[in-house]
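Structure first, then comments.
Please treat every number below as a calculation from the coordinates, not as lab data. Nothing here was measured: the structure is a model prediction, and the numbers come from that model. Please note: Cβ atoms are built from the backbone with ideal geometry, for glycine as well, and neighbour counts cover all protein chains shown.
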2 protein chains.
Amino acid sequence: MELNKNTKILIVGLGLMGGSYAQALTDKGFEVGAMARRQESIDYALEKGLISHGRCTPDPEYIGQFDLLIFALYPHTFLEWLRDNQRYIKPNALITDVTGVKCSVVYKVQEMLRSDLEYIGAHPMAGRELSGVEYATKEIFSGANYIVTPTAKNTPEAIDFCKKLGYEMGFNTVSELSPEEHDEMIGFLSQLAHCIAVSLMVCKDSRRLVDYTGDSFRDLTRIAKINDLMWSELFLLNKEQLLAQMDLFMEKFTQLRDDIARDDTEAIREMMRLSKQRREYFDIKEEKK
Amino acid sequence: MELNKNTKILIVGLGLMGGSYAQALTDKGFEVGAMARRQESIDYALEKGLISHGRCTPDPEYIGQFDLLIFALYPHTFLEWLRDNQRYIKPNALITDVTGVKCSVVYKVQEMLRSDLEYIGAHPMAGRELSGVEYATKEIFSGANYIVTPTAKNTPEAIDFCKKLGYEMGFNTVSELSPEEHDEMIGFLSQLAHCIAVSLMVCKDSRRLVDYTGDSFRDLTRIAKINDLMWSELFLLNKEQLLAQMDLFMEKFTQLRDDIARDDTEAIREMMRLSKQRREYFDIKEEKK
């Protein structure tokens, strides 16, 4: 199967991410349909031209017409949806998703899937601190990273297809990681970052802080405005990796604390120099983009 | 003493912050002079119109002509400079500073100062991840907070003067805190944030991370590009408060870790809801500005 303008695409789940995918793909000339829980989401997406058509209930005939299905649901609803409705999917269709954890999803989906269907996992490293299709915009993909997470069960064609999809939507970098590598990476880069932001934000009542703060604290806590339902599910589905990354961070933080406690200027400065050097590498790589 | 267009201002220390003050005050019509370690800094500031004149060595006659002296030096050099040169300062001049810690500076300076001079501490909550006058810009004050830290030794006139100075330079909010309140606040809002960013950035080699990261990690580590000489000095000068704030953060972080470890969804979600609520208060207050 090849990604071309005849590929009919169904987005299942029309929230911030599903809506942003819909806009990116519709604007590229694809025929995009959607399934959502609420009729208002479909109406909004139709009115804004994000989709060509949509449904609120699993209409077998409707579902059966799509070549590519993209799931933008919470992990547990993704699995439930497939269990209930995969029998309606067109033979040989391709399935992908946006789920933020992989090991606990990818293997289960591939295990339960009809043998003529192929599922390949993907994770768009983009988002906003807002939920709902009303905030959807393809702009969030510009400059962002997109990760494809194939397993031994995936065909080279599907991997290639999924990567092209990432570039088509405007992502800056498209990479390939195993589900295991992905979960370690995301446990560190994204989930740990959210744990830090939340822990920092609950330390004190914020009312008095706002008149005294600089940009540092604002930047560190931007993601503290968190969707508790989604993130608690993602945390627990990647529990082992997340705990390992939290412990790694705590080890470094405790080391710095102890260096400060015993006035070890040289040790503090050494850690700061390493930090500066590693952060500068980010800037160099980003300037190249 | 009143702040008016005849107030002649000397900036001692012409780095990022001294240069930004110089620009803001020159643009407001004040006559601004500067003292710097390097002639190149003076030359650059003259060429860019940040100052009207400057010196590299403590010329008694030059120093003696200013009504207001603003110190933008590292804490220990601030104290050394005053010890060596305060005898040249004009009688009844006012002194302020930009130092990021207060208790360990303010009382020492007020203790050692000539009885006809008055020193009032201030802390501009603004900055960049860059050092040197070449990066100076008054733009960093726009929307930022400015904190004045008077003690019982300060006159109402000096407090008023210092607040006006903050508004004059374009700060958005000017507040008053005791040196003790300031150090607790800044230990939490700024120093702890820097400790977190540094600890996070040194956890792993960054080369592989850049292709997978989202904005969360980038935002959390922006300040990890840290000036090790300045920040290690600031950390140790506020050691007691900083350690208390680090311990507070570690307590919340450990609580979240333990909630995740025992799959306590409700406890995780409760912390996230509090975090979201407290972060939203920031946005509300900032929209009002």
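Counting only residues 5 or more places away or on other chains, whose amide H sits under 5 Å from the amide H of B:G54 once H atoms are built in the peptide plane?
Those qualifying (amide H under 5 Å, at least 5 residues apart or on another chain) are B:A34.
How large is ³J(HN,Hα) for each residue in region A:259-270, as worked out from phi by the Karplus curve 6.51 cos²θ - 1.76 cosθ + 1.60 (θ = phi - 60°), to whole Hz, x for Gly and Pro?
Once θ is set to phi - 60°, the couplings for region A:259-270 become 4, 5, 4, 9, 6, 8, 3, 5, 5, 4, 5, 5 Hz.
Using only the alpha carbons of region A:85-218, determine the length spanned along each of the three principal axes and report them from longest to shortest in whole angstroms.
59, 28, 27
Translational diffusion coefficient of the protein assembly as shown at 10 °C, 1.306 mPa s, Stokes-Einstein with Kirkwood Rh over Cα pairs, in µm²/s as a whole number.
Rounded to a whole number, D works out at 61 µm²/s.
Tell me what the protein assembly as shown gives for mean residue ellipticity at 222 nm when only DSSP H runs of n ≥ 4 count, each as -39,500 (n - 2.57), the sum divided by the residue total, rounded to 500 deg cm²/dmol.
So the helix-based figure for the protein assembly as shown works out to -15000 deg cm²/dmol.
So what are the ³J(HN,Hα) numbers for region A:59-72, from phi and the Karplus equation (6.51, -1.76, 1.60; θ = phi - 60°), rounded to whole Hz, Gly and Pro as x?
For region A:59-72, the Karplus curve yields 7, x, 5, 4, 4, x, 9, 9, 8, 10, 10, 10, 9, 10 Hz.
Using Cα atoms only, what is the angle between the long axis of helix B:156-168 and the major principal axis of chain B, expressed in degrees (0 to 90) to the nearest 10?
Approximately 70 degrees, to the nearest ten.
Kindly write out, for region A:76-86 in residue order, the coupling ³J(HN,Hα) from the Karplus curve 6.51 cos²θ - 1.76 cosθ + 1.60 (θ = phi - 60°), rounded to whole Hz, with x marking Gly and Pro.
Computed from phi, the couplings for region A:76-86 are 5, 6, 4, 5, 4, 4, 5, 4, 7, 10, 5 Hz.
Report the per residue volume, in Å³, of the convex hull enclosing the C-alpha atoms of region B:182-288.
146
Net charge near A:S216: determine it from the other residues with C-beta under 13 Å of the C-beta of A:S216, scoring Lys and Arg +1 and Asp and Glu -1.
Taking every Cβ under 13 Å from that of A:S216, the sum is +1.
Roughly how many whole Å is it from the C-alpha centroid of region B:232-267 to that of region B:169-203?
16
May I have the pair-distance distribution P(r) for region B:1-150, computed from all Cα-Cα distances with 5 Å bins from 0 and rounded to whole percent?
Going out from 0 Å in 5 Å bins, region B:1-150 shows 2, 10, 20, 24, 23, 15, 6, 1 percent.
Can you tell me the convex hull volume per residue for region B:1-88, based on C-alpha atoms, in Å³ to the nearest whole number?
91
Relative to the longest principal axis of the C-alpha atoms of chain B, give the angle of the C-alpha long axis of helix B:16-27, reported between 0 and 90° and rounded to the nearest 10°.
Long axis of B:16-27 versus the principal axis of chain B: about 60 degrees.
Looking at chain A as a GNM with Cα springs under 10 Å, which of A:E181, A:E31, A:E157 has the largest mean-square fluctuation?
In this elastic network of chain A, the residue with the biggest mean-square fluctuation among A:E181, A:E31, A:E157 is A:E157.
Rg and Dmax of chain B, Cα atoms, in Å?
Using the Cα atoms of chain B, the pair Rg, Dmax is 21.0, 71 Å.
In square nanometres, what is the average projected area of the Cα convex hull of region B:1-47? Please list the in-between numbers first.
On the way: hull surface 13.1 nm².
Across all orientations, region B:1-47 yields a mean hull projection of 3.3 nm².
Give me the distance in nm between label points sitting 7 Å out from Cα along the Cα-to-Cβ direction at B:M230 and B:H76, one decimal.
Here the answer is 1.7 nm between the modelled labels.
Calculate, in nm to one decimal, what B:R207 and B:S115 gain on full extension: separation in residues at 0.36 nm each, minus their alpha carbon distance.
Here the segment from B:R207 to B:S115 would lengthen by 27.5 nm.
I'd like to know which of A:N145, A:Y107, A:Y74 lies farthest towards the positive end of the charge dipole of region A:8-177, counting +1 on Cβ of Lys and Arg and -1 on Cβ of Asp and Glu.
Final value for the positive-end residue is A:Y107.
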